[in-house]
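Just below is one structure, and these are the notes that go with it.
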Amino acid sequence: MEFKVKIEIEGNWHVMTWQELCEAISFGNDLTHCKKRLWTGLLDKNGKEIYEGDIIKSENQAGIYAVTIDNYHGFRFMLGCGQLTKADAIYGEVIGNIYEHPHLLSSGEDLTTQTVSK
């Protein structure tokens with residue numbers, strides 16, 4: 001799977017490959033305070049790449065799910081305590097992300113501050 005990450009720099013999202021990310025860091029760019037969203041390797045039903053932090057509308061499971069990541073499960077598609085399968089996610093549609101469209105999550109959960117430990 002190809003490594004991709006979306007990084008928010010000065011209010012704009014940029015997709016970077018591993019090589020581009022390494023080059024940006026080697027040129028002295030400080031990306032520690034930027035929002036970063038890893039690519040899951042999956043595409044939604046419209047062919048749009050699904051990234052960590054995206055919000056997916058599932059027709060199969062009738063709900064809105066946020067893409068999260070943790071050390072044990074890897075990428076997960078969550079709605080409160082409910083979870084969407086990867087198969088359901090690819091038949092769903094990316095309708096926004098937790099940073100720009102948090103109002104789309106009816107649970108009121110604040111997922112923008114979730115951290116990922118290594």
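The values are calculated or read from the model by the stated rules, or taken from the named source; none is laboratory data. Owing to the predicted nature of the structure, the values given are computational and were not obtained by experimental measurement. FYI the Cβ positions are ideal-geometry reconstructions off the backbone, even for glycines, and counts take in every protein chain you see.
I'm trying to understand the selection: among the residues of region 84-107, which are touching a Leu at 6+ places or on another chain (Cβ under 6 Å) and assigned to a loop (DSSP other than H, G, I, E, B)?
I98
Considering each of I69, I95, I64, I56 in turn, give the residue that is among the hydrophobic types (A, V, I, L, M, F, W, C), exposed (fewer than 15 other Cβ atoms within 10 Å of the Cβ) and modelled with pLDDT of 75 or more.
Only one candidate qualifies: I95.
Just checking, how many residues over region 1-53 are touching a strand residue (DSSP E or B) at 6+ places or on another chain (Cβ under 7 Å), exposed (fewer than 14 other Cβ atoms within 10 Å of the Cβ) and over 19 Å from V67 (Cα atoms)?
Residues meeting the conditions: 1.
Starting from residues that are in a strand (DSSP E or B) and of a type in the set (A, V, I, L, M), keep the ones in region 1-15 and report whichever is farthest from I95 (Cα to Cα).
Going through the qualifying residues, I end up with I9.
Here is a check on your reading of the model: is G47 over 15 Å from E100 (Cβ atoms), out of contact with any Phe, Trp or Tyr (no Cβ under 8 Å at 6 or more places or on another chain) and modelled with pLDDT under 85?
no
Just give me the residues in region 16-57 being outside any loop (DSSP other than H, G, I, E, B), more than 16 Å from V94 (Cα to Cα) and of a type in the set (A, V, I, L, M), in sequence order.
Result: M16, L21, A24, I25.
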